[in-house]
Amino acid sequence: MPPLVLPKTSGLPCGAGQKKVLVTARYMSEVVAGFTHDVHAVRVVFAVDAHRTSLLPELERLGAKSVLVLASASQKAVAGALTAAMPGGRAQSLAFRRSRAAAGQISRVCEVAAREETDCLVAVGSGAVIHAARQVALRAELPLIALPTSYAGAEFVPPPRTTGPAAYPAAAASRVVIYDPALTIGLSDHVTARSAMRALAHGVDVLCTPDASPVAAMMAEEGIRQISDSMPDAILHPHGLVGRSRTQYGGYLTAASFAVSAPGPHRALCEAVEEACGLRHADVRPVVLPHLLAATGVKRPLALARVAEALGCNDAVQGIADLAHEVGAPQSLRELGMGLDGLNAALEALRRDETAALDAEVEPDVLAAVVESAFHGRTPLGP
């Protein structure tokens, strides 16, 4: 339809020397819907080799004089190099290991930070390290610079079962995030696939959340597109930077949008499953995702259409399942170590958990069927 020229009687005069206002039919018929969008004040630095070139300038910008580097065991060499490069000798590193004794390790880090009069915390690693560093930063009231080495978004996303500002306040967010795809080189294929699929699940959750702002939804959709396009390349070329940088960028987009959106139905379900089964949250999310979408997609067809478009396919459910298969990500809860006894216990717990069913917007029996289907790795089927 050709653009319309508003006449003078429209209330928008076109006097001498003024340009005519061209208004399309779309412009005349649509008004931006009201929305609320939170923005976390996080500085993001994204570049290849940024952990070497950008960390010192960011520490100087924060005025940091005494720095404590918390790193996973796999990043010990990186942490050592970073502390050695910091001038003044007021930097040291501590190793953090994923374990059930995480609370004790966090307390120990807090004690070291107080003793050394630390004024800035740096975290290098994947989810466990960054979540621990966020807790230390919150307790000790320290600024945190996060250098993620995987794609799951712990620098923005709170750990499971800690929803709401009271449980994980914005004060626990990273002050600066430095994304360097070079730090992801060396990730095994299965860790790459699992963390990237979790990042993709964050984006899907945002698109399926009714109260998500259009800004968050736009970021989530682009994040899904970047991850789905580049994750296979990251696995095919483990030492290449193209696929890894785009996957990391996509993970940033989905995590940042997830962090400012209300918890959606997929998150509620996965946390209920993890609680019932004792499985790692990071692994449960991508496995359950296509089964939940198949069961609930009829309630949110526009969201599924946006997911499918971002994936570059016609069917969001099948597209996610195909992508998981292509990159070798787990496709069943049984692959994650759940046995039949665990399944039966989980099904019983979920059928009793009315809150989980309500949050997931499904009936308890449907919720149980979703989990059973995910356990066996069956083809996701709709209601």
Ordering 315-328, 211-224, 243-256 by per-residue average of other C-beta atoms within 10 angstrom, highest first, gives 243-256, 211-224, 315-328
State, to one decimal in nm, how far the label point of LEU56 lies from the label point of GLN318, with both points 7 Å from Cα in the Cβ direction. 5.5 nm
Kirkwood Rh in Å, taken over the range 238-280 so that all alpha-carbon pairs contribute: 12.6 Å
Once both labels are modelled 7 Å past Cα along the beta-carbon direction, what's the ARG139-GLU30 spacing in nm? 5.0 nm
Hey, how much of the P(r) for the chain falls beyond 28 Å, as a percent of Cα pairs? 50 percent
What residues have an amide H closer than 5 Å to that of PHE46, excluding those fewer than 5 places away on the same chain, when H is modeled at 1.01 Å from N in the peptide plane? TYR179
Using the crude model of +1 on Lys and Arg Cβ and -1 on Asp and Glu Cβ, and no other charge, please compute the dipole size for the range 262-376 relative to its Cα centre, in debye to 20. 220 debye
Charges at C-beta only: +1 for Lys and Arg, -1 for Asp and Glu. How large is the resulting dipole of the chain about its Cα centre, in Debye rounded to 20? 980 debye
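FYI, it's all coordinate maths here, none of it is from the lab. The model shown is predicted, which means the values in this text are computed figures rather than measured ones. When we count neighbours, we look across all protein chains shown, and the Cβ atoms used for this are built from the backbone with ideal geometry, even at glycine.
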